[in-house]
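J.: Below you'll find the structure I mean.
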Number of protein chains: 2
Amino acid sequence: MPHILSTSQDDFEARFAALLESTREEDADVEAAVDEILADVRARGDAALIDATRRHDRIELTAATLAFTTEEIEAEIARVPVAEADALRLAADRIRAYHLRQLPEDANWTDEAGARLGWRWNAMGAVGLYVPGGTASYPSSVLMNAIPAGVAGVERMVMTTPTPDGKVNPLVLLAAKLAGVDTVYRLGGAQAIAALAYGTESVARVDKITGPGNAYVAAAKRRVFGRVGIDMIAGPSEIVVIADGSNEPDWIALDLLSQAEHDAKAQAILITTDPLFGEAVADAVADRLRTIERREIAGASWRDHGAIITVHDLGEAAVLADQIAPEHLELCVDEPEPLAANIFNAGAMFLGKWTPEAIGDYVGGPNHVLPTSRSARFSSGLSVLDFMKRTTLAKMTPGALKAIGPAAETLARSESLEAHGLSVRARLARLNEPAP
Amino acid sequence: MPHILSTSQDDFEARFAALLESTREEDADVEAAVDEILADVRARGDAALIDATRRHDRIELTAATLAFTTEEIEAEIARVPVAEADALRLAADRIRAYHLRQLPEDANWTDEAGARLGWRWNAMGAVGLYVPGGTASYPSSVLMNAIPAGVAGVERMVMTTPTPDGKVNPLVLLAAKLAGVDTVYRLGGAQAIAALAYGTESVARVDKITGPGNAYVAAAKRRVFGRVGIDMIAGPSEIVVIADGSNEPDWIALDLLSQAEHDAKAQAILITTDPLFGEAVADAVADRLRTIERREIAGASWRDHGAIITVHDLGEAAVLADQIAPEHLELCVDEPEPLAANIFNAGAMFLGKWTPEAIGDYVGGPNHVLPTSRSARFSSGLSVLDFMKRTTLAKMTPGALKAIGPAAETLARSESLEAHGLSVRARLARLNEPAP
């Protein structure tokens, strides 16, 4: 049974707080193993990568076969069914079109003091994308990570994915090609992260590493952060669906389950103004849980972390959604826009009954890499900006320095930073000399 | 003696790599102590804050005196000399004017499939700013952290600063007032971070914590990251000055020293096309090191981490600067713009001989919270965006779902996520029913 809450309950606040606080993070003890792998790759380079890959993926690599050749990639891609290739192309085109609008603008202006100010955005030089192997090998994630990097203008994009027993998902390679990835390495786990962060004889290091991974990959990313940039360490996925009573229970049930089927630790929450509709959805979920393929995972998620919350009105629903700050938020009401305008904490919103969250996972256009575990309060989904950095620009003229330099000197003195003040003073002194 | 390098040296590559790799991070063993403080504040709230503050700052607080009253703040501010207040006001105005230009725009459009797409930026709800006490209590940092948050539209801005023996820097309180900070707490160290992250009876928790601090504060911020957002954990400061031979050696020496005087672990590097000029700067630094107040700190920084690198031309200088990826970069040449256009990794650039870096620390306008330790390769200085988050928006019409839904279904199937596909299929089935 999922949690059943109603804002009419006397103890609603406490129940809701418990739902928010219930931790769903895994806490695997992998730090020591990861530290060892990182140190080994740092010390022995390619040889360490080859050893670790033999151990974990049961394949024998050489420096020459760490990366796929173009021919190998093309041969794999040739195996992708036409319908899947077409669908992936449509997704890539739509994701690119959306992200192209995110390119930031440079700025340059002269202010009233005569100072020339501004900033300039630049793409990062090199980015590495981690792609898990096995059942978590999602071609859609390749597109969502690599296309924004390409749109940003990143010069060198590499990908790394484990190939256990030599097997790779051809769709992942097609996605890499569509997204403009330059090189694909047959490396997984902490050793792949180490290679990207430190570099080896055959793997050039990158400036930032993004993409999902298991506990080892997450721990390795945390460790190398600072030396390279990383994206967020994603927690389990979550969805909130706000639905009034005029929805199809089965559609909403499927939307909830499409979150629950990701992971037993995923969380799906329905907030509804109609208690009878809530019951109908609970029934529909139970029905669907009898047949869908991933019913064990989805069932565990729904049972342990699912919730149905009844509220008096949509205003109340908005307040709760903001407190949950979900990764995904569906607004299944006739007029979603005014409701959306009152909700501030959500990674992605899906407006109206014709927008199941799954559209956003694949072909909608917005990114599906989104803030989890309530972090939408203070962070955003992946975007083009995550692959760029900004340099601020300032240029003083003698006149501008005369106008604002003395204030800088005063503040430097108040902070006891004498050389700061003198660096301004020395220049002002020259300006105040009589002309020769 | 600083490191003396020249691109003409046979072993230049190795020397330069050693300079880049030389670690300047402190590695204090504070984790256990910080964990204890965090747990105590989480468990005991205000009582833990009061105990920790008695221990560390030798003052006896109550729930009622955790925060300054408006009257207490005004009384402190009244002690600020007029010249300093005026300088701080000029700085605040200029910083605000610069950051107002960073406000991002929302977007909304309908694409060719009929899908309505876009995104919306929102300010974070509440932000906490940490301000160190004692000699590292910099009013300029208050402005640089709080003004962007205010420009972003953050509703509740609080500040926390230790008041050892009851003492506070009045300029810090004035800066807080100018920047629109709502509440100032008399709390420092890990206990302050804990209060902001978890909340107590008297301190409401925030969504993000920014601002510099000692090793305890940095460790506490790392620990609470995820529960709240944090800014970057800053490493020691650094500057690269690229100067041709037509500069005043003393000015450049002071610019280098204004970095070195921050911290014995700060790094100041001169890159010059003129070896004789390099020697003149070395002499000027030695001269100034005889008299400036913070000569011990600045001298240690210059001796251990300083460097003078001679290059053949400015093109070579640009390549090296990009590899260093400095926090601050001065371009002391007659035509700084074309040189700037060839450098991509720098937190902030200061163009031309009339723009000492110290201008950027106080009154230039751009933020002085910048990426350190070569992280300008993948990150940017603090900005208005760091206090906002973006929600992506997608709305399908029946027609849009018909156009792109089948591709989503195909991809869901290829990823073995059946409920994802069914959530689309169920809706498409309705659209394909004959009209009643």
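The values are calculated or read from the model by the stated rules, or taken from the named source; none is laboratory data. Keep in mind it's a predicted model, so treat the numbers as computed, not measured. Counting neighbours? That spans all protein chains shown, and the Cβs are built from the backbone with ideal geometry, glycine included.
J.: Which members of the stretch B:376-420 meet the condition of being more than 7 Å from every other protein chain (Cβ to nearest Cβ), farther than 22 Å from A:TYR98 by Cβ and part of a helix (DSSP H, G or I)?
T.: B:VAL384, B:ASP386, B:PHE387, B:ARG413
J.: Give the stretch A:87-110 a look and list any residue that's more than 25 Å from the chain's Cα centre (by Cα) and either over 30 Å from B:GLY365 (Cα atoms) or touching a residue at least 24 places away in the same chain (Cβ under 8 Å) (or both), or say none.
T.: A:ASN108
J.: Further question: What tally of residues in the stretch A:109-136 results from selecting those that are buried (at least 20 other Cβ atoms within 10 Å of the Cβ) and of a type in the set (Ser, Thr, Tyr)?
T.: The total comes to 1.
J.: Still on this structure: Any idea which of A:VAL168, A:VAL203 is surrounded by fewer than 24 Cβ atoms within 10 Å (Cβ to Cβ) and either touching a Ser or Thr at 6+ places or on another chain (Cβ under 7 Å) or not hydroxyl-bearing (Ser, Thr, Tyr) (or both)?
T.: Criteria check complete, one pass: A:VAL168.
J.: Just to confirm my filter: which helices (runs of 4 or more DSSP H) fall fully inside the stretch A:66-153 and include at least 3 residues that are within 22 Å of B:TRP109 (Cβ to Cβ)?
T.: Result: A:82-100, A:139-152.
J.: Further question on the same structure: What is the one condition in (1) in contact with a helix residue (DSSP H, G or I) (Cβ under 6 Å, 6 or more places away or on another chain); (2) hydrophobic (A, V, I, L, M, F, W, C); (3) farther than 30 Å from A:ALA340 by Cβ that B:ALA218 does not satisfy?
T.: So B:ALA218 meets the others, but not (1).
J.: Given the conditions (1) at pLDDT 95 or above; (2) farther than 30 Å from A:GLY352 by Cα, report the number of the one that B:PRO132 does not fulfil.
T.: (1)
J.: Taking interchain pairs and intrachain pairs at least six residues apart, which have beta carbon atoms under 8 angstrom, with the first residue in the stretch B:413-436 and farther than 18 Å from B:LYS402 by Cβ and the second among the hydroxyl-bearing types (Ser, Thr, Tyr) and surrounded by fewer than 21 Cβ atoms within 10 Å (Cβ to Cβ)?
T.: Between residues of the stretch B:413-436 that are farther than 18 Å from B:LYS402 by Cβ and residues that are among the hydroxyl-bearing types (Ser, Thr, Tyr) and surrounded by fewer than 21 Cβ atoms within 10 Å (Cβ to Cβ), the close pairs are B:SER416/A:THR135.
Yes/no matrix, rows are residues, columns are (1) within 15 Å of A:ARG120 (Cα to Cα); (2) in contact with a helix residue (DSSP H, G or I) (Cβ under 8 Å, 6 or more places away or on another chain); (3) not assigned by TED's automatic domain parsing to the domain that holds B:TYR138:
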site: B:LEU329; (1), (2), (3): yes, yes, yes
site: B:ASP334; (1), (2), (3): no, no, yes
site: B:ALA341; (1), (2), (3): yes, no, yes
site: B:ALA346; (1), (2), (3): yes, yes, yes
site: B:MET349; (1), (2), (3): yes, yes, yes
site: B:ALA358; (1), (2), (3): no, yes, yes
site: B:VAL369; (1), (2), (3): no, yes, yes
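J.: Give the residue that is surrounded by the fewest Cβ atoms within 10 Å (Cβ to Cβ), with candidates limited to residues of the stretch B:422-436 that are more than 7 Å from chain A (Cβ to nearest Cβ) and assigned to a helix (DSSP H, G or I).
T.: Residue satisfying both the conditions and the ranking: B:ASN432.
J.: Shifting gears a bit: Can you work out which of the residues in the stretch A:137-158 that are in contact with a Phe, Trp or Tyr (Cβ under 7 Å, 6 or more places away or on another chain) and under 20 Å from A:VAL217 (Cα atoms) is nearest to the other protein chains (Cβ to nearest Cβ)?
T.: Only one residue fits best here, namely A:SER140.
J.: Sticking with this one: What do you reckon, is A:VAL127 modelled with pLDDT of 95 or more and more than 14 Å from chain B (Cβ to nearest Cβ)?
T.: no
J.: Being crowded, with 24+ Cβ neighbours inside 10 Å and either in contact (Cβ under 8 Å) with a residue 60 or more places away in the chain or of a type in the set (D, E, K, R) (or both) is the requirement here; does A:GLY211 meet it?
T.: So A:GLY211 fits the description; yes.
J.: I've got another one for you. Out of all the residues in the stretch B:185-196, is one or more farther than 25 Å from B:LEU38 by Cβ and not β-branched (Val, Ile, Thr)?
T.: Checked against the condition, which is being farther than 25 Å from B:LEU38 by Cβ and not β-branched (Val, Ile, Thr), the stretch B:185-196 yields no hits at all.
J.: Would you point out which residue out of B:LEU5, B:LEU19 is farther than 25 Å from B:GLY134 by Cβ and either in a helix (DSSP H, G or I) or at pLDDT 95 or above (or both)?
T.: B:LEU19
J.: Only residues that are within 21 Å of the chain's Cα centre (by Cα), assigned to a helix (DSSP H, G or I) and either of a type in the set (Gly, Ala, Ser) or not assigned by TED's automatic domain parsing to the domain that holds A:PHE12 (or both): list them for the stretch A:235-277, please.
T.: A:SER258, A:ALA260 - these are the residues of the stretch A:235-277 that are within 21 Å of the chain's Cα centre (by Cα), assigned to a helix (DSSP H, G or I) and either of a type in the set (Gly, Ala, Ser) or not assigned by TED's automatic domain parsing to the domain that holds A:PHE12 (or both).
J.: What number goes with the only condition from (1) within 14 Å of another protein chain (Cβ to nearest Cβ); (2) closer than 30 Å to B:PRO2 by Cβ; (3) more than 27 Å from the chain's Cα centre (by Cα) that B:ALA14 does not pass?
T.: The single condition B:ALA14 does not satisfy is (1).
J.: For the stretch B:71-84, what are the residues that are more than 10 Å from chain A (Cβ to nearest Cβ), in contact with a helix residue (DSSP H, G or I) (Cβ under 7 Å, 6 or more places away or on another chain) and surrounded by 13 or more Cβ atoms within 10 Å (Cβ to Cβ)?
T.: The answer is B:ILE73, B:GLU76, B:ILE77.
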